[in-house]
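Since the structure comes first, as structure tokens, the remarks are kept for the end.
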Amino acid sequence: MNSASHDTPVAVITGASSGIGEATSRRLVAEGYHVHAIARRHDRLEALAAATGCDTHVLDVTDSERLLRFAETVGRVDVLVNNAGLGRMDTSMAHGTLEDITRTIDTNVTALMVATMAFLPDMINRRTGHIVSIGSMAGIYPLSSAIYGASKAAVHRFCTNLRIELGGTGVRVTEICPGRVATEFYDVAVTDPVQRAKSKDSGIKEVTADELADTINYALSVPAHVNINRIE
Ligand code: NDP
């Protein structure tokens, strides 16, 4: 499936149809990567492919079997950006639903681990590779979002421990922990229109998705013996 020439670095980016994932896809294509962009919304992916020439894959990352099959067929991958994620912030834990819990954990935690597991063996064999995972400030510091915060805390510990497991393999692990970024995140996280308007009117000057893409590109571009562990 990989049409990249031998010298072209190859990146797989999950959640590439909007926000940080889309901006990172555009940025890495501009940096000379062959990008495989994954998401569910095919119209958004088509627009991204038309604009950048990247390969797109309509794939729900919570479908582990399909994700594993994709990894088997895609060929060499140098960089995995585990970005697909969501929050469900309408409700407190006391008023949450089973779906709030399963959807958040399946997307933010399980899919990220499955994707990492799928691409790691080949990276280790080739003694090169970089796993970049998008965590959150909510995974490190207390914030009013128990389920989301717990999912991102799992991403944080996963990255710290994976980095130790991979010591000496040449495979790098970077965790990116954004604060508030101007994306569609809150459109998904807050379904009540009044609450959404309030959440959008936070008075915070938000970081842009392009600025996050710059940050991710920085972590990727340092020399191979340098590992940027975490950027908050
Ligand atoms: P967006 O909502 O703009 O992007 C989320 C992306 O994830 C979309 O491309 C969406 O695509 C994709 N996605 C969600 N579920 C799935 C799924 N099951 N399968 C495949 N793709 C999926 O938000 P952001 O860009 O802000 O979010 C990116 C990451 O950044 C997330 O992990 C988020 O938790 C994290 N983050 C965001 C912050 C913010 O303030 N925006 C702050 C801290 C962390 P589609 O719907 O087409 O499948």
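Nothing in this text is a laboratory measurement; each read-out follows from the coordinates by a stated rule. Keep in mind it's a predicted model, so treat the numbers as computed, not measured. For neighbour counting, all protein chains shown are included, and Cβ atoms are generated from backbone atoms with ideal geometry for every residue, glycine included.
What the table below lists for this structure:
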{"quantity": "Every pair of residues 6+ apart whose Cβ atoms lie under 7 Å, when the first sits in the range 220-232 and is without any contact (Cβ under 8 Å) to a residue 12 or more places away in the chain while the second is crowded, with 16+ Cβ neighbours inside 10 Å and of a type outside the set (Lys, Arg)", "calculated": "VAL222/ILE228"}
{"quantity": "Subset of the range 100-123 (residues that are of a type in the set (D, E, K, R) and more than 13 Å from the ligand (Cβ to nearest atom))", "calculated": "ASP100, ASP122"}
{"quantity": "Test result for ASP90, buried (at least 19 other Cβ atoms within 10 Å of the Cβ), of a type in the set (Asp, Glu) and touching a helix residue (DSSP H, G or I) at 6+ places or on another chain (Cβ under 9 Å)", "calculated": "no"}
{"quantity": "The range 1-16, subset more than 17 Å from LEU80 (Cβ to Cβ) and among the hydroxyl-bearing types (Ser, Thr, Tyr), residue nearest to the ligand (Cβ to nearest atom)", "calculated": "SER3"}
{"quantity": "Where a residue in the range 175-188 is more than 18 Å from VAL155 (Cβ to Cβ) and its partner, wherever it lies, is more than 6 Å from the ligand (Cβ to nearest atom) and charged (D, E, K, R), with Cβ under 9 Å and at least six apart", "calculated": "ALA182/GLU206; TYR186/ARG196; TYR186/LYS200; ASP187/ARG196; ASP187/LYS200"}
{"quantity": "Unique residue being surrounded by 15 or more Cβ atoms within 10 Å (Cβ to Cβ), free of Cβ contacts under 8 Å to residues at least 40 places away in the same chain and not hydrophobic (A, V, I, L, M, F, W, C) when the list is GLY149, GLY168", "calculated": "GLY149"}
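The rows are residues; the columns are (1) more than 21 Å from MET113 (Cβ to Cβ); (2) surrounded by fewer than 17 Cβ atoms within 10 Å (Cβ to Cβ).
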{"site": "SER199", "(1), (2)": "yes, no"}
{"site": "LYS205", "(1), (2)": "yes, yes"}
{"site": "PRO223", "(1), (2)": "yes, yes"}
{"site": "ASN229", "(1), (2)": "no, yes"}
